[in-house]
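First comes the structure, then the notes that go with it.
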Amino acid sequence: MWTDGERKRLFSRRELMMFLAVLGPGIIVNMVDTDAGGIATYSVSGARYGYNLLWVLTITGFFLIIIQEMVVRLGVVSGKGLAALIRERFSLRITALIMLALLFTNFANTVSNFAGLAASLELFHLPPIIFLPPLAAFIWWLVVRGTYRRVEKTFLMISLVYVAYIISAFLARPNWGEVGKALVLPSLKMETPFLVLAVTNIGTTIAPWMLFYQQSSIVDKGLDAGKLVYERMDTAIGVIFAIGVGMFIIICCASAFYYNPQVGAITITSGEEAAAALAPVAGRNASYLFGFGLLSASLFAASILPLTTAYTICEAFGWEAGIDHPYEEAPHFYLIYTALIVGSALVVMIPRMPLIFLMVSSQTLNGVLLPVIVICMMILVNDREIMGEYVNSRGFNLVAWAMIVVLLLINAAMIFSTFFPA
Amino acid sequence: MVGGEFINLLSLVKREVCDSRSRLIGHLQDLAVELRESPPRITDIAVHLGWTDKVGDIHLPRPVEGITLLLPWSEVETWDPEAFHLRSEHPDFPVRSSEGKVLLRRDVLNKQILDEEGNRLHRVDDVLLRREGLLLFLEGLQVGAEWLPLGKRFNEILARLRKRYGRGRAENGAQLVPYQAIVRIDEEAIVIRSRL
C-alpha cells in the first residue's frame, strides 16, 4: 500500500506529529462500529457455532481495509462526502433508491442500538418502558445542544470496557490451536442460520453507514492527499481493533457456551446470556460489566447513527444540514434526525419485542446493502475526473472486484438457503 | 413564459447521434451553454463516439474507442425524439475545445444550489430547455418533485423568483429556478439570486 519513500517518512518526529493530528476518523468509525448489534452478532456466532465463523472475520478484516482505504482516498482527493459524489456521478433515481435503502437500514440499526440500551437497562433491573424515553430525549438533546463532540471521547473510553472480552477469552483457556485453524481455514455449513450469521458478521463489521460517516469526517477535518498515508494508518489501527474485539467476543462466547460441556451450542436471546461469557473475568459482576459497556456503546451509536443518516441524506439531496443551523434553515435534517430517534425508541418499547433478533436482523440488512454501495464506490474511485492519479491500480481493482463477487455470492447463498432450506 | 417546446436535459442524454449518411455513430453525452447570452443558447453538443481515427484535422495513429468530442451546435442538421442528425460524415467533424465552457450535465446537473448567503437549498434535479426551431435555449434549473419536497426557505425564494421573472412550475410537480436567477456556476456549487 505504501511506497518505500512513504514508509521512510513515517518515522520522523514531524511526521509523527502530523499522524497524531490526522488520527481520528478511522479509529472512531471502527470503534462506533462495535455497537450493540455487533456485540449481539459476535456473541450469537460464538455461542451457536463455536469458532466456525472466525474465518469470516478474518476475511471481513481484509475487506474492511480494502473498502476503507478507498473511502479514505475518495475523501482526501475529492474533498466531498460519499453521498455528494454518488449524487454527482449517478442519477437522482439511483441516489434516491440508495438513500431510501440506507434510511431503512440505518433505522433498523438505530432500533438495534435502542434495543441494546433496553437490554442494558434490564441488566441493571431498570424497566425500559420507564427509562428509555428519557434516554432517547437525552440522546436527542446531546446532539442538538452541540455537546456531542465533547462527549464523543468519553463514550469512546467507556466502550473500551469490551477489552474485558479479550481478558475473558484468555481466562477461558480456549484451544488456541483450534482458534488459529478456524481463523484461516474456512468452514462452510449450507444451512440458513449459518449463512445468515456469516452475512450478518460481514454486515455488522462493514456497515454501509460507516463509509458515509468516515468520508464525511475526513472532509470535515480538511485532510488532503498529502495526509493520505497517515489516514491510512489511522484506518488500519481502527480496523485491527474492531476485528480483534469481534474475534475475542466470538472466542469468549464459544468457550462459555459452545465448548462448555454443561451448556453446548445455544442461541443467545438475552443480555444476561451474553454477559455470562464475561464470568471468568468479572464473576458475579459480569452482567453489570457487560451492561455498562453495552449501555455506553449503544448510547454512542444511537446518537451517531441518526446524526450521520440525517447528514448523508441531506448531502445527497442538497438540503441544509447541521446542528449549528436553526430548524427553519435545516428542517429536513431535524425531521430525519428526530424521526429516527423517536421511531426507534417506540419500536423497542413495544411489549415482547425480540430485541436480540432485531439487533441481528439489522446487521443482516447491512450485509445486503453493502455490495451496492461498494460497487458505487468502485465506479467513483476509478473515475479519473474525480481521482486523477489516485484511481485504483489494476491489481487493486482485481482484488476489490473479487471481494465484491464474494460478497454477492455470500448474499446469494443466504437468499437461496432462505427460500430453499436444506 | 415565451413560446416553444419545453424539453428536459435528462430526456436528451443518451439520445442516438447519426452522421450525414444516417449511420449511428454514438450518443449525446452533454450540451454546452453560453450563459452570457439572454436567453442562454446551447452552443455545442458533446457526442460520445463509438470509435474514431480522426479528431478535427488530426489523424490518429490507430482508432480509439469511446471518445467524447465537442461539436458546434451548427453541426446539428435536425433532431427528433429518436436521434440527432449531423451534417458531417463520420469521422470528419469540426471539433471544439471544451475549455472554459459550461456543460450542462457535467457542471450543472446534480450540483448543489446555494443562495447568496451560502445556505444549501437543494441539488439540481434536471435542466429545463426550450426548443425554438432547431435551436435550444436554457430555460432554468428544475428542482424537487411531488416525492422530493423542498424546504420552506427555498420555497420562499422560488416564490419571489416567480414573481420577479414570471416563470412558474415545471412538470411533475417540480419547480423552476429561472436562468436569470443564476448568479454564477462554481466548481462546487451554483449560486442563485435570493436577495430580491
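The values are calculated or read from the model by the stated rules, or taken from the named source; none is laboratory data. This is a predicted model, so every value here is computed, not measured. Cβ sites come from the backbone with ideal geometry, for glycine too, and all protein chains shown count toward neighbours. The protein model used for the area step is the full one, side chains on, heavy atoms only, and it has no ligands, DNA or RNA in it. Shrake-Rupley method; radii C 1.70, N 1.55, O 1.52, S 1.80 Å.
A few points about this structure:
- Residue, most open to solvent (accessible area, probe 1.4 Å), within region A:80-111, restricted to residues that are under 15 Å from A:A339 (Cα atoms) and not aliphatic (A, V, I, L, M): A:F104
- Only one of B:P72, B:P91, B:P40 that is open to solvent by less than 40 Å² (accessible area, probe 1.4 Å), more than 14 Å from chain A (Cβ to nearest Cβ) and under 21 Å from B:L176 (Cβ atoms): B:P40
- Number of residues in region B:110-123 that are open to solvent by less than 20 Å² (accessible area, probe 1.4 Å) and more than 8 Å from chain A (Cβ to nearest Cβ): the value is 1.
- Residue in region B:153-165 that is part of a loop (DSSP other than H, G, I, E, B), within 14 Å of chain A (Cβ to nearest Cβ) and either at negative phi or open to solvent by less than 10 Å² (accessible area, probe 1.4 Å) (or both) present: no
- Of all residues in region A:340-362 being open to solvent by 60 Å² or more (accessible area, probe 1.4 Å) and of a type outside the set (V, I, T), the one that is nearest to the other protein chains (Cβ to nearest Cβ): A:L346
- Considering A:V76, A:V56, A:V143, A:V72, the condition of being open to solvent by less than 20 Å² (accessible area, probe 1.4 Å), at pLDDT below 90 and part of a helix (DSSP H, G or I) is satisfied by A:V143 alone.
- You will find that of A:F396, A:F333, the residue that is more than 25 Å from A:P134 (Cβ to Cβ), open to solvent by less than 60 Å² (accessible area, probe 1.4 Å) and not small (G, A, S) is A:F396 and no other.
- Among the residues of region A:203-227, those that are open to solvent by less than 10 Å² (accessible area, probe 1.4 Å) and out of contact with any Phe, Trp or Tyr (no Cβ under 7 Å at 6 or more places or on another chain) comprise A:G203, A:T204, A:T205, A:A207, A:P208, A:W209, A:M210, A:L211, A:F212, A:Q214, A:Q215, A:I218.
- A:I323 fulfils the conditions (1) more than 14 Å from chain B (Cβ to nearest Cβ); (2) part of a helix (DSSP H, G or I) except for a single criterion, (2).
- Residue list for region B:94-109, restricted to those being within 14 Å of chain A (Cβ to nearest Cβ), under 16 Å from B:R41 (Cα atoms), open to solvent by 20 Å² or more (accessible area, probe 1.4 Å) and not small (G, A, S): B:R105, B:D107
- Scan of region A:250-263 for residues that are at pLDDT below 90 and of a type in the set (V, I, T), ordered by number: A:V263
- Residue satisfying condition, being within 14 Å of A:A345 (Cα to Cα), in contact (Cβ under 8 Å) with a residue 24 or more places away in the chain and either among the hydrophobic types (A, V, I, L, M, F, W, C) or not in a helix (DSSP H, G or I) (or both), within set A:F107, A:F131: A:F107
- Residue ID - modelled with the lowest pLDDT, chosen from residues in region B:131-152 that are closer than 19 Å to B:A174 by Cβ, assigned to a strand (DSSP E or B) and open to solvent by 10 Å² or more (accessible area, probe 1.4 Å): B:A145
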